[in-house]
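No value in this document is a laboratory result; all are computed from the given coordinates. In this text the structure is predicted, and so the values were computed from the model without any measurement. Note: ideal-geometry Cβ built from the backbone for every residue, glycine included; neighbour counts use all protein chains shown.
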Amino acid sequence: MELIKQVKATMKLARISSAWGVVGGLLLLVVTLSTGCIKTTGANVQTSTKILFASTCSGNYEIYTMSPDGSEVVQITEDGTDNREPDWAPNGSQIAFKSTRNDEGTNPEGDFEIFVMDADGSNIKQLTHDSRDDRHPVFSADGKIIYYVSMTAEGHFQLHSVGVNDGAVKQLTEMVGGVKMPAVSSDEGWLLFQTDGGAETNDTQEIYKMRPDGSELTRLTNNSAHDKVPHFSLDGNYITFQSKRDGDYEVYRMKADGSEQTRLTRVEGKDKRTSWSPDGKKISFQSTRTGHWEIYTMNSDGSEQKQLTSGDCDSHMPKWSGYLPQK
């Protein structure tokens, strides 16, 4: 059944790239776009990590996984609604995401709510039921809660948490202008987020960190351009983010204290939404440099940028897993 599921996903993604037509299992399957047929070879691909992403290649946003080289593409969701912003649980057993789905009549208005599912797409569970716009879910380091942002009555997004098991919701910030795009250090010591404008930052989006209890709020970026979507390296020493300080959105890296801010991408087009490999050597990101949102990887210093996806659809929001157990 798993091999059939992978073949089905690969055929759906045939529009993305012939390079994507590689799936795992006992055999390596290659989709030949010119004929639409599937050929087999004797290769056997193994990997200890996966990249989550969302793509419109099936017609709407659905969630997929692939290996770090762009092979072994597997479609995880398939319900015709809008499923995006996936995030791995630390142990790789679950995936959090936002969705407009209404599987059991619990989201009749079709708002973005936060959901969690097993890594194979089973056991989908809705965690928020507030009939508001809930976005950007990320797991805590212990996998017990999910941080996300939710639209409040004041009309701004604020940081919240929800228990994976009990569904208990707690609001964590009351920042002027609101916040978006939370991220968590692997030791749970810090939360990152971007402000969403407001007088405190002269209406620019800037990056802050704070302790999970709300203490030690610290501003990390401070300039007239938007700095946003921060993400910790697994060891917590570095943060990647996107900035418009040089005219267009590019990927930057800084130390966890905000020092040594360094530009990593220098190609025409928007470069956004980074995620670190578990060994800290690679960074995944999305870019419009080909005309569509596609997913790339590069070394942590910005070198050896490699395109993983391609096609006439959009693929973005990559999230790198930790080391997964081998089956």
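Couple of notes before you dig in:
- Span from the region 72-120 Cα centroid across to the region 246-313 one, whole angstrom: 25 Å
- Residues of type aspartates and glutamates that LYS255 reaches as a straight line, Cα spacing below 19 Å, ignoring anything fewer than 8 places off in the same chain: ASP187, GLU188, GLU206, GLU216, ASP227, ASP235, ASP279, ASP301
- Calculated over region 76-172: convex hull of Cα atoms, volume per residue (Å³): 89 Å³
- Taking the fewest neighbouring Cβ atoms within 10 Å as the starting point, the ordered list for THR77, THR65, THR288 is THR288, THR65, THR77.
- Region 146-209: GluC sites (Glu not before Pro) in DSSP loop, at most 16 other beta carbons within 10 Å: GLU154, GLU174, GLU188
- Whether region 187-291 is rounded, prolate or oblate, judged on the alpha carbon gyration tensor where a/c under 1.5 counts as rounded: oblate
- Listed residue pairs exceeding 20 Å between alpha carbons, taken from LYS144/LYS228; LYS272/LYS306; LYS50/LYS319: LYS144/LYS228
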